[in-house]
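The values are calculated or read from the model by the stated rules, or taken from the named source; none is laboratory data. Predicted model only: the values in this text are computed from it and were never measured. Every residue, glycine among them, receives a Cβ derived from its backbone with ideal geometry; neighbour counts consider all protein chains shown.
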Protein chains: 4
Amino acid sequence: MGNTGGWQKMIEEISIRYLDCFRDKHLVDPIMIEGLPGIGQVGKLVAEYMIHMLGAEKIGEIHSIYFPPQVILDENGLARLARNELYFYRASGKDLIFLVGDHQSTSNEGHYLLADQYCEIAEELKVLRIYTLGGFGVGHLVNEPRVLGAVNRAELRPELEEAGVTFDRNEPGGGIIGAAGLMLGLSAQRGIDAACLMGETSGYLVDPMSAANVLATLAKLINVPVDPTKLNDRASEMEKVIEGLVEGNKMQKDEELSYIG
Amino acid sequence: MGNTGGWQKMIEEISIRYLDCFRDKHLVDPIMIEGLPGIGQVGKLVAEYMIHMLGAEKIGEIHSIYFPPQVILDENGLARLARNELYFYRASGKDLIFLVGDHQSTSNEGHYLLADQYCEIAEELKVLRIYTLGGFGVGHLVNEPRVLGAVNRAELRPELEEAGVTFDRNEPGGGIIGAAGLMLGLSAQRGIDAACLMGETSGYLVDPMSAANVLATLAKLINVPVDPTKLNDRASEMEKVIEGLVEGNKMQKDEELSYIG
Amino acid sequence: MGNTGGWQKMIEEISIRYLDCFRDKHLVDPIMIEGLPGIGQVGKLVAEYMIHMLGAEKIGEIHSIYFPPQVILDENGLARLARNELYFYRASGKDLIFLVGDHQSTSNEGHYLLADQYCEIAEELKVLRIYTLGGFGVGHLVNEPRVLGAVNRAELRPELEEAGVTFDRNEPGGGIIGAAGLMLGLSAQRGIDAACLMGETSGYLVDPMSAANVLATLAKLINVPVDPTKLNDRASEMEKVIEGLVEGNKMQKDEELSYIG
Amino acid sequence: MGNTGGWQKMIEEISIRYLDCFRDKHLVDPIMIEGLPGIGQVGKLVAEYMIHMLGAEKIGEIHSIYFPPQVILDENGLARLARNELYFYRASGKDLIFLVGDHQSTSNEGHYLLADQYCEIAEELKVLRIYTLGGFGVGHLVNEPRVLGAVNRAELRPELEEAGVTFDRNEPGGGIIGAAGLMLGLSAQRGIDAACLMGETSGYLVDPMSAANVLATLAKLINVPVDPTKLNDRASEMEKVIEGLVEGNKMQKDEELSYIG
């Protein structure tokens, strides 16, 4: 054979595959909800909880060479590529499209390419509004985590404030990194409204408490009720775990003191 | 001459060169076995041992700008580019294609591009099944290393379990990184069955003991007997070395104690 | 739908958008002034101060996948992509084009691509000269920071020296990194004159003192007067802050000594 | 203007510019000598010394986005892009082409692309043999540094050994990194003979002693006499500096001892 000649890249840098079930689906005033992994996994917790509770239907998969180069195993040892997923739910009067997944990009450029692709999907599906969800790490435990907001058009702010979202002049000071941020900027260029809801969180732990607050706010905004019981339960459990840790820490300190004494 | 004008990239990002000996070879139910460098060099040890013991014939070379930018010298000072290699062995009723080599990709994106190229080769050669081999690092010495498995189609699992492969709900928790993992995911997209065999290993040392177990399992699965004597010998030597290290460590501790005493 | 087929990158690696206000503007002997983020933020301080004091008009925006993957929030929570900006000011007998922005490239290759794009803009706008502004970090506080210079054509040097710019045989020894440097080299290839003005600075702090000196030098060179009062005020404030730090440090040392004594 | 539409990359990833003086030059049995920056700057010292002593003529420049993103200043403050250069010298019966420069690639992929481009130049100029020069770091001072060799065709070895080059089974163990190595592998694919000469060196210091040995060996191999006096002088100076350091170190230790005593 000798040299096989010019190599051709077969794999796409980003590939979107819609499932057949989604073929010819006519969408009604769709809203896109992004909940990819990030600080405190807040966005991921909210979006995946909604998918679970609403019984949303999977409609597509996204693979990319910008995801980490690995496969993920399910409990049966079945391997699949790292991926993002699209889910669909028909609420009364509006359709919801969820964007969730395993990972974000491993490179800076990949972040832009992926986020723009997500906006391309939103444009193709004629999405009216995008909500991106995330955590805002403050570096310490937060007793009553607020939901901070950002928008890509000034006119969107009052509606969010009415739903209880805080706009803080100084936070988040460093901007918003990754898909939750970039989708705001990149969708604006396509004329799509987008808002980001960020739950305050320590940044050290998966934070269902913060997620529960973001969920309540989002449900109000999109007017789609989602029973928060299970997420609240998980938040309560987490709270106990943390109390235990704090208590244990305190006891340890007391012991140290008595030992010294 | 002045400016020579538009630069053209001459080098291919990935190049596959088949040796002339492989021209027009008609393959019978080929199975591909990947054993590239990785944790404990387990996969590499198994695949290279099989090539050596079976007397498999080299049929191709793969070069890539995603490999480390270096040449490797043989004992005579002859330099060659870092590369991967393809070997061929005609077993009774089936052909084996081995994929071995010096390195994996140095970049995340390169991992995807290379692994997809390996699957492209498998598809071109009409490979029926891919076995990827690797080590699963547990962080401590393992007395009786198990062979853990992963598959890219659920139906493949029983066959592996019959051959002694363990499917552990929780391991490997973090997925499988690099070619051994990606080839499972990417070959599934091409409709090729693939399984990964991972030998438990500390992750700190080259591990012929773990490799011997993977070899025994693979030989059973593909029904191609390979005399394990030399690999077992190497494993025994390694075991003595480790015992020596442990013993030495223990003696040192005893000495320290007697010194204190 | 199944696979949507070949993915197409929609986003440009670098995009330049001119505002409509700039349409058909006829430029007179334009000079470009680059003040992107860098050491001591010296260049950024000078260029943004000039834009502010002269009331220069925004004429364009530059976005790129080589900028950090984030959005920046204004005080109202309005998000926008990281970007660079072009400003325009009609001085008597000449037009000024300012290049300022949030970030430089996150990758080495991106630095080249962006800097070349900036030179492409300069060439399109028929810019006669480029001034790139920056800081030159010396690693210690500088009482009377000099303005060091570099040129991309030997004949430009006397004019700069006349304006008080120092050309030091040995500094900056390591060359000039980023846009301020690359634009000199890349504009030379397009036949555009360019000079770099670097204010000496510690490298540890934002340095309005150094910036005030660069401003004075640049204003002389382009013969466009800019009232330096506010920048000098800021420099004075900064000086007091630093004096306070040094004093505090001294006092602390004295205390330590008296404590020892 | 609005959006200017599709961005086009103007800058080439690698650009080669030959000077006009080189136009129509007919080359006689050309030999290429690569001496880019590397361990101990050995290769760079040798090639630049030869250019200087032979009075070789500059014939071309290479720029690349894979070089560090910076300009380099000459003693007059004139800035130029980081670059590599080609020099030409007509020896009796053969022509020499030197490849020297400021930097090697900053990325792994860039190393391959640049080294292949250097080989492309060699092929265009019908180069008969390439010598790549480098240092081989041993981690300690070497009194009588050997010249180690590597070749890209086994038949080249005897000629090198005759000239005093050592071929050591075990060194350099890790292969040869960067242009000096890759050019051996990549030129082999183009059918061009190439050898690498590596001077043993500590790896911590610029090493004219090691360079002098490589120079002597290379001069013998290409049969082009080069007066080594100045390089030997520099080596002698360096030797005194090091002796001083060692002596000083010894004295310091003696002092410490007497202080204790």
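Looking only at region D:185-201, which residues are closer than 18 Å to D:Glu155 by Cα and either polar (S, T, N, Q) or under 13 Å from the mean Cα position of the chain (by Cα) (or both)? I'd like the intermediate steps shown before the answer.
Within region D:185-201, the first condition is being closer than 18 Å to D:Glu155 by Cα, and the residues that meet it are D:185-197.
Matches in region D:185-201: D:Ser187, D:Gln189, D:Ala195, D:Cys196, D:Leu197.
I'd like the full set of residues that are touching a Lys or Arg at 6+ places or on another chain (Cβ under 7 Å), under 15 Å from A:Ile121 (Cα atoms) and not acidic (Asp, Glu), limited to region A:18-34.
In the first step, residues of region A:18-34 are kept if they are touching a Lys or Arg at 6+ places or on another chain (Cβ under 7 Å); the result is A:19, A:27-31.
The next check asks that each one be under 15 Å from A:Ile121 (Cα atoms); those that pass are A:19, A:27, A:29-31.
Of everything in region A:18-34, those that are touching a Lys or Arg at 6+ places or on another chain (Cβ under 7 Å), under 15 Å from A:Ile121 (Cα atoms) and not acidic (Asp, Glu) turn out to be A:Leu19, A:Leu27, A:Pro30, A:Ile31.
Test C:Glu155 against the stated conditions and say whether it is surrounded by fewer than 16 Cβ atoms within 10 Å (Cβ to Cβ), over 17 Å from C:Ala47 (Cα atoms) and over 14 Å from the mean Cα position of the chain (by Cα).
Details: surrounded by fewer than 16 Cβ atoms within 10 Å (Cβ to Cβ): yes; over 17 Å from C:Ala47 (Cα atoms): yes; over 14 Å from the mean Cα position of the chain (by Cα): yes.
It is true that C:Glu155 is surrounded by fewer than 16 Cβ atoms within 10 Å (Cβ to Cβ), over 17 Å from C:Ala47 (Cα atoms) and over 14 Å from the mean Cα position of the chain (by Cα).
Identify the single condition in (1) closer than 20 Å to B:Gln104 by Cβ; (2) within 14 Å of another protein chain (Cβ to nearest Cβ) that B:Ser210 does not satisfy, given that it satisfies every other one.
Unmet for B:Ser210, out of (1) closer than 20 Å to B:Gln104 by Cβ; (2) within 14 Å of another protein chain (Cβ to nearest Cβ): (2).
Can you find, within region C:227-260, the residue that is modelled with the lowest pLDDT among those that are farther than 18 Å from C:Asp207 by Cβ and of a type in the set (A, V, I, L, M, F, W, C)? Before the answer, list the steps.
Of region C:227-260, the ones farther than 18 Å from C:Asp207 by Cβ are C:227, C:247-260.
Those left that are additionally of a type in the set (A, V, I, L, M, F, W, C): C:251, C:257, C:260.
Working: C:Met251: 66, C:Leu257: 55, C:Ile260: 49.
Per the stated criteria, the residue is C:Ile260.
For B:Gly135, all conditions in the list (1) over 21 Å from B:Gly40 (Cα atoms); (2) surrounded by 19 or more Cβ atoms within 10 Å (Cβ to Cβ) hold save one; what is the number of the exception?
For B:Gly135, the exception is condition (1).
Does D:Glu124 count as surrounded by fewer than 24 Cβ atoms within 10 Å (Cβ to Cβ), under 23 Å from D:Gly174 (Cα atoms), free of Cβ contacts under 8 Å to residues at least 12 places away in the same chain and among the charged types (D, E, K, R)?
Details: surrounded by fewer than 24 Cβ atoms within 10 Å (Cβ to Cβ): yes; under 23 Å from D:Gly174 (Cα atoms): no; free of Cβ contacts under 8 Å to residues at least 12 places away in the same chain: yes; among the charged types (D, E, K, R): yes.
Answer is no for this residue.
So how many residues does region A:202-231 have that are under 18 Å from the mean Cα position of the chain (by Cα), part of a helix (DSSP H, G or I) and within 17 Å of A:Lys44 (Cα to Cα)?
Residues of region A:202-231 under 18 Å from the mean Cα position of the chain (by Cα): A:202-222, A:224, A:226, A:228, A:231.
Remaining after also requiring part of a helix (DSSP H, G or I): A:208-222, A:231.
Adding the requirement that they be within 17 Å of A:Lys44 (Cα to Cα) leaves A:208-219, A:231.
Adding up the residues that qualify gives 13.
Tell me whether region C:186-201 contains one or more residues that are assigned to a helix (DSSP H, G or I) and at pLDDT below 95.
Filtering region C:186-201 for residues assigned to a helix (DSSP H, G or I) gives C:186-188.
Subsequent filtering for residues that are at pLDDT below 95 retains none.
No: zero hits.
Give me a count of the residues in region D:15-25 that are assigned to a loop (DSSP other than H, G, I, E, B) and either among the basic types (Lys, Arg) or out of contact with any strand residue (DSSP E or B) (no Cβ under 9 Å at 6 or more places or on another chain) (or both). Working first, answer last.
Quick first cut of region D:15-25, residues assigned to a loop (DSSP other than H, G, I, E, B) only: D:19, D:23-25.
Okay, now just the ones that are also either among the basic types (Lys, Arg) or out of contact with any strand residue (DSSP E or B) (no Cβ under 9 Å at 6 or more places or on another chain) (or both), so D:23-25.
Number satisfying all stated conditions: 3.
Out of region C:82-113, which residues are small (Gly, Ala, Ser) and within 14 Å of chain D (Cβ to nearest Cβ)? Don't jump to the end; show me each part of the working.
The initial filter retains those residues of region C:82-113 that are small (Gly, Ala, Ser), namely C:82, C:91-93, C:101, C:105, C:107, C:110.
Scanning region C:82-113 gives C:Ser105, C:Ser107, C:Gly110.
Being part of a strand (DSSP E or B) and closer than 13 Å to D:Ala179 by Cβ is the filter here; which residues of region D:115-134 pass it? I'd like the intermediate steps shown before the answer.
Within region D:115-134, the subset part of a strand (DSSP E or B) is D:129-134.
Listed by number, the residues that qualify are D:Ile130, D:Tyr131, D:Thr132, D:Leu133, D:Gly134.
Being touching a helix residue (DSSP H, G or I) at 6+ places or on another chain (Cβ under 6 Å) and surrounded by fewer than 17 Cβ atoms within 10 Å (Cβ to Cβ), is that true of even one residue in region B:14-31?
Within region B:14-31, not a single residue is touching a helix residue (DSSP H, G or I) at 6+ places or on another chain (Cβ under 6 Å) and surrounded by fewer than 17 Cβ atoms within 10 Å (Cβ to Cβ).
Consider only pairs whose beta carbons are under 6 Å apart and that are at least six residues apart or on different chains; among these, list those whose first residue lies in region B:10-29 and is facing another protein chain (nearest Cβ under 7 Å) and whose second residue is part of a strand (DSSP E or B) and surrounded by fewer than 17 Cβ atoms within 10 Å (Cβ to Cβ).
Correct list of pairs: B:Arg17/A:Asn3.
Among the residues of region B:142-159, are any at pLDDT below 95, assigned to a strand (DSSP E or B) and in contact with a helix residue (DSSP H, G or I) (Cβ under 7 Å, 6 or more places away or on another chain)?
No: region B:142-159 contains no residue that is at pLDDT below 95, assigned to a strand (DSSP E or B) and in contact with a helix residue (DSSP H, G or I) (Cβ under 7 Å, 6 or more places away or on another chain).
Report, by residue number, each residue of region C:162-181 that is facing another protein chain (nearest Cβ under 9 Å), part of a loop (DSSP other than H, G, I, E, B) and more than 19 Å from the chain's Cα centre (by Cα).
Passing the criteria: C:Phe167, C:Arg169, C:Asn170, C:Gly173.
Given the conditions (1) closer than 22 Å to D:Gln117 by Cα; (2) within 14 Å of chain C (Cβ to nearest Cβ); (3) crowded, with 21+ Cβ neighbours inside 10 Å; (4) without any contact (Cβ under 8 Å) to a residue 60 or more places away in the chain, report the number of the one that D:Leu73 does not fulfil.
Going through (1) closer than 22 Å to D:Gln117 by Cα; (2) within 14 Å of chain C (Cβ to nearest Cβ); (3) crowded, with 21+ Cβ neighbours inside 10 Å; (4) without any contact (Cβ under 8 Å) to a residue 60 or more places away in the chain one by one, D:Leu73 breaks only (1).
Within region C:51-67, track down each residue that is without any contact (Cβ under 8 Å) to a residue 60 or more places away in the chain and surrounded by fewer than 19 Cβ atoms within 10 Å (Cβ to Cβ).
Those that are without any contact (Cβ under 8 Å) to a residue 60 or more places away in the chain and surrounded by fewer than 19 Cβ atoms within 10 Å (Cβ to Cβ): C:His52, C:Gly55, C:Glu57, C:Lys58, C:Glu61.
So for region C:184-200 (the condition being in contact with a Ser or Thr (Cβ under 7 Å, 6 or more places away or on another chain), more than 29 Å from D:Ile11 (Cα to Cα) and surrounded by 18 or more Cβ atoms within 10 Å (Cβ to Cβ)), does at least one residue qualify? I'd like the intermediate steps shown before the answer.
Taking region C:184-200 as the starting set, the residues that turn out to be in contact with a Ser or Thr (Cβ under 7 Å, 6 or more places away or on another chain) are C:184, C:194, C:196-197, C:199-200.
Cutting the leftovers down to more than 29 Å from D:Ile11 (Cα to Cα) gives us C:199-200.
Keeping just the survivors that are surrounded by 18 or more Cβ atoms within 10 Å (Cβ to Cβ) gives C:199-200.
Yes - at least one qualifying residue is present in region C:184-200.
If the Cβ limit is 7 Å and pairs must be 6+ apart or interchain, which residue in region C:84-102 that is closer than 17 Å to C:Leu45 by Cα pairs with which residue that is of a type in the set (Lys, Arg)?
Short answer, once both residue conditions are applied: C:Glu85/C:Lys58; C:Tyr87/C:Lys58; C:Val100/C:Lys44; C:Gly101/C:Arg83; C:Asp102/C:Arg83.
Give me a count of the residues in region B:30-65 that are part of a strand (DSSP E or B) and either more than 14 Å from chain D (Cβ to nearest Cβ) or not β-branched (Val, Ile, Thr) (or both). Break it down into steps so the answer makes sense when it comes.
Residues of region B:30-65 that are part of a strand (DSSP E or B), as a first pass: B:31-34, B:57-64.
Those still in the list that are either more than 14 Å from chain D (Cβ to nearest Cβ) or not β-branched (Val, Ile, Thr) (or both) too: B:31-34, B:57-61, B:63-64.
The total comes to 11.
Could you tell me which residue of region C:123-144 is nearest to C:Arg80 (Cα to Cα), considering only residues that are under 16 Å from the mean Cα position of the chain (by Cα) and away from every other protein chain (no Cβ under 12 Å)?
So the first thing to find is which residues in region C:123-144 are under 16 Å from the mean Cα position of the chain (by Cα), and the list is C:129-137.
Filter once more, keeping what is away from every other protein chain (no Cβ under 12 Å): C:129, C:131, C:133, C:135, C:137.
On the way: C:Arg129: 31, C:Tyr131: 28, C:Leu133: 25, C:Gly135: 27, C:Gly137: 31 Å.
Across region C:123-144, the extreme among qualifying residues is C:Leu133.
With respect to C:Arg157, determine if the residue is farther than 16 Å from C:Ile39 by Cβ and within 14 Å of chain D (Cβ to nearest Cβ).
Details: farther than 16 Å from C:Ile39 by Cβ: yes; within 14 Å of chain D (Cβ to nearest Cβ): yes.
Yes; evaluated as a whole, the condition is true for this residue.
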